[in-house]
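Below you'll find the structure, written out as C-alpha cells, and then a few comments.
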Amino acid sequence: MAPRGRPAKESRAAKEAPEKKPRKNRGLPKPNQPVAAGRLIASPYVKYGWHKPLTAEAKAAASRVSSIADSFYMCQLERSRPIEAGSLRNALFYERRQLTNPNFVSTPAIDHLDLFGTDEADFEKTLADISKIGNPREVAYLHDIFRGIRDRQFLILPVEMDGNKWVTIIAEKRGYVNQKVTHLAIVDPFPQGRAARRSLIISRLERIFAEGCIELTNDVDIHDLAVKDVEESWQTGLVAYAISREFLRRLEKFTWRVRQALPCSQPLLVWGAFDEMYNFDSYRQSLTAAIAFQAIEMSGFRIRMALEVPSEDSGYDRSRLSHVKEEDFEAFFHGDEKFDPFEANNHNVIVGTPPTSESESLSSSNDNDEDMGMDTDDDVAEVESPAPPPGISVINFSDFKPLEEVCQYGRVSVIEPQPKTKTPPGPHAIEWSHFRSTDDPCTPVPPESETQPKEKTQPGISVIEFSDFRPLDEVCQYGRVSVIEPQPKMETQPCSENRTDSDYVDDGSEDDGGEPSSKKVRFSDDDI
C-alpha cells in the first residue's frame, strides 16, 4: 500500500494500454452511392475484390439506377405491401422491351400527373398543363406524353385510384393525324366502388385523349377481360402487373401468327378473358426480377444481381415476406424431383403387382433346385401350388409338367405362338368341345344354357377351354402359358351317343359350281 500523501503507481498494463477514443458516428451513407449492408453467399463464380475501390464509372452507374434500386427493395419488405408506382413502371418498361417489336405498345409513366384523382380542381389544372397548342386543322403542338401514345398502336396504362387501388387501361387506336380508339378495356379487380371508378376513367379519358388529337366515341368496343375479384386492395397492383404482362404476351403471339400467315382472330386472341388463377407470390417474384434486370440493363451491365444474407441490424423480417410456414417447409419442397446419384437404394418405384412372400420363397426354392440339377416331376409334385395373384400371372416353363399339376384355374391362354412344327397360317381358336378324353370318348358337351358366356379373343391369342385336362406336353407347344380368370370346374353330363353339328367341321372344299360346299366332315379322336 502506498504511503499516505503519495499517489499510487499505475500498473504497467495500464500504462501500455492505449486510450480508447469514442467511435465516430458515420451516419447514413452518401446518397446514391454503393453501401455494404449485407453478405453474399460464397460461390466459386463470385470473386471477392472488396479491397479495391469502385471506379468513377461504376459509381455513376449506381447513382443512375438508384431510384430503380428503391423500387426493387420495396418488393422485398413485406408480402402484403402495396405496389409502388415506380416498381410497376420499371417492370413494365423491361417487359415491353422483350417484345419482337417494342414500338408496338406504349407504357407511359404519368403517375406524377394528377389525371385520375378524385379532386376535380387538380385534374383541371393538370389537364391545362398538357393541353395542345394551336389549331389541329393546321398545326398543333402536343405535350410530350402523347408522343408514344400516338406513335404506337396499343396503350397499356395502369393507374392508381382511391388509395392503392390499381386499375389497368388497355386501348387500341387507328388513324394517322386524327386518331380514333377502336378497342378499350378497363380492368378493375376490386369490387367496392368499381362502377364509380369506371365512370370517372371513361370521362377523364375522353378529355385527355382529345388533347392528343385522339377521339374516344361512345361506339367504341369496350371489352371485359373478366378477371376474378380480389379481397384486399394491395393485391390490385400485382394483378395490374399480371394483366399487363399477359396482354404483352398475347400481342407477341398475335404478331407471330400474322407473320407466319396463320389464321387468327384479334378480338378472340388479344381481347379474350384473363383465364388464369391468381398467384400473388409468383406475380411479386416476377415483378422483382423484372425490376432487377431493368436496373442491370440501364447500368450498362456494371451491376449484377446477388443473393444477399442480411444481418440482424438490417431490419429484415423474413416472416413478413415468406408465404410458407416454418413447419411446412419440408412438405412445401417435397414435390421437387431431385435425385441423388450416390444413393444405393434408388429403385423404389413399383409397377404392377409385387410378388407375395410365399411365391418369392417358392421361386427361390425352384432356383436352388435348378442349380442342383434336382428339377424333377416328383419334386414339383411335392410343392404346394401357390395361390394365383390378382390379374394375369404368366408362367414360363423350361420343362413342361403334366397339365393337372399346373392348370387348376379353369382356362389356359396360349400367348405369342411360336410353333415348332409347320402349322396353317393365321390364328385358330380351338374349342375343346371337339376333343374327347382318351379314357371316355363319349364325354358329352354341356348344354349351352349351363356354359359360361365366351369372351372375345384378341388377335393372335388362341383360347383353349378345358372340361377335362390333358397332359401339358400334348397341348402347350408354344413356349408360354398364362393362367387367367379362375373359374370352377364344370360338371359333365351323362354320356350320350347322339352326335350333333359340333362334332363336325367344314372341310373348306368347293363344289363344282365354285361355291363352298355344305358337306360336313367328322373330326375323329384319331385326329387329335
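The values are calculated or read from the model by the stated rules, or taken from the named source; none is laboratory data. Keep in mind it's a predicted model, so treat the numbers as computed, not measured. When we count neighbours, we look across all protein chains shown, and the Cβ atoms used for this are built from the backbone with ideal geometry, even at glycine. Note: areas computed on protein heavy atoms with side chains; ligands, DNA, RNA excluded. Shrake-Rupley method; radii C 1.70, N 1.55, O 1.52, S 1.80 Å.
With the requirement that a residue be open to solvent by less than 30 Å² (accessible area, probe 1.4 Å), modelled with pLDDT of 90 or more and closer than 26 Å to L287 by Cβ, what does segment 212-245 give you?
V230, Q235, T236, G237, L238, V239, A240, Y241, A242, I243, S244 - these are the residues of segment 212-245 that are open to solvent by less than 30 Å² (accessible area, probe 1.4 Å), modelled with pLDDT of 90 or more and closer than 26 Å to L287 by Cβ.
Scan segment 298-317 for residues that are open to solvent by less than 70 Å² (accessible area, probe 1.4 Å) and either touching a Pro at 6+ places or on another chain (Cβ under 9 Å) or not small (G, A, S) (or both) and jot them down.
I303, P310, D317
Run R257 past the list (1) open to solvent by 40 Å² or more (accessible area, probe 1.4 Å); (2) modelled with pLDDT of 90 or more; (3) of a type in the set (K, R) and report the number of the one that doesn't hold.
(2)
Scan segment 279-321 for residues that are small (G, A, S), part of a loop (DSSP other than H, G, I, E, B) and more than 13 Å from E78 (Cα to Cα) and jot them down.
Within segment 279-321, S299, G300, A306, S311 meet the criteria.
Look at I41 and say whether it is open to solvent by 90 Å² or more (accessible area, probe 1.4 Å), modelled with pLDDT of 55 or more and not small (G, A, S).
yes
Starting from residues that are among the polar types (S, T, N, Q) and open to solvent by 40 Å² or more (accessible area, probe 1.4 Å), keep the ones in segment 95-113 and report whichever is modelled with the highest pLDDT.
So the residue we want is Q98.
Six or more apart or on different chains, Cβ under 7 Å: which pairs go from a residue in segment 88-107 that's touching a residue at least 60 places away in the same chain (Cβ under 8 Å) to one that's of a type in the set (D, E, K, R) and open to solvent by less than 40 Å² (accessible area, probe 1.4 Å)? Could you list them?
V105/R96; T107/R96
Among the listed residues E276, E327, identify the single one that is open to solvent by 100 Å² or more (accessible area, probe 1.4 Å) and either farther than 15 Å from C75 by Cα or in contact with a Ser or Thr (Cβ under 9 Å, 6 or more places away or on another chain) (or both).
When all the criteria are applied, what remains is E327.
Can you go through A58, A91, A128, A62 and tell me which one is of a type in the set (G, A, S), assigned to a helix (DSSP H, G or I) and surrounded by fewer than 13 Cβ atoms within 10 Å (Cβ to Cβ)?
A128 is the lone residue from the list that is of a type in the set (G, A, S), assigned to a helix (DSSP H, G or I) and surrounded by fewer than 13 Cβ atoms within 10 Å (Cβ to Cβ).
Exactly one of (1) open to solvent by 10 Å² or more (accessible area, probe 1.4 Å); (2) under 17 Å from Q235 (Cα atoms); (3) within 36 Å of the chain's Cα centre (by Cα) is unmet by T168. Its number?
Among (1) open to solvent by 10 Å² or more (accessible area, probe 1.4 Å); (2) under 17 Å from Q235 (Cα atoms); (3) within 36 Å of the chain's Cα centre (by Cα), T168 violates only (1).
Within segment 140-161, is there a residue that is in contact with a strand residue (DSSP E or B) (Cβ under 8 Å, 6 or more places away or on another chain), touching a residue at least 12 places away in the same chain (Cβ under 8 Å), part of a strand (DSSP E or B) and among the acidic types (D, E)?
Scanning segment 140-161 turns up at least one residue that is in contact with a strand residue (DSSP E or B) (Cβ under 8 Å, 6 or more places away or on another chain), touching a residue at least 12 places away in the same chain (Cβ under 8 Å), part of a strand (DSSP E or B) and among the acidic types (D, E).
I'd like the residue in segment 176-211 that is out of contact with any strand residue (DSSP E or B) (no Cβ under 8 Å at 6 or more places or on another chain) and under 14 Å from R150 (Cα atoms) and, out of all such residues, is least open to solvent (accessible area, probe 1.4 Å).
Step by step, filter segment 176-211, then rank; the result is I208.
Sort through T255, T217 and tell me the only one that's part of a loop (DSSP other than H, G, I, E, B) and closer than 29 Å to V177 by Cβ.
Of T255, T217, the one residue that is part of a loop (DSSP other than H, G, I, E, B) and closer than 29 Å to V177 by Cβ is T217.
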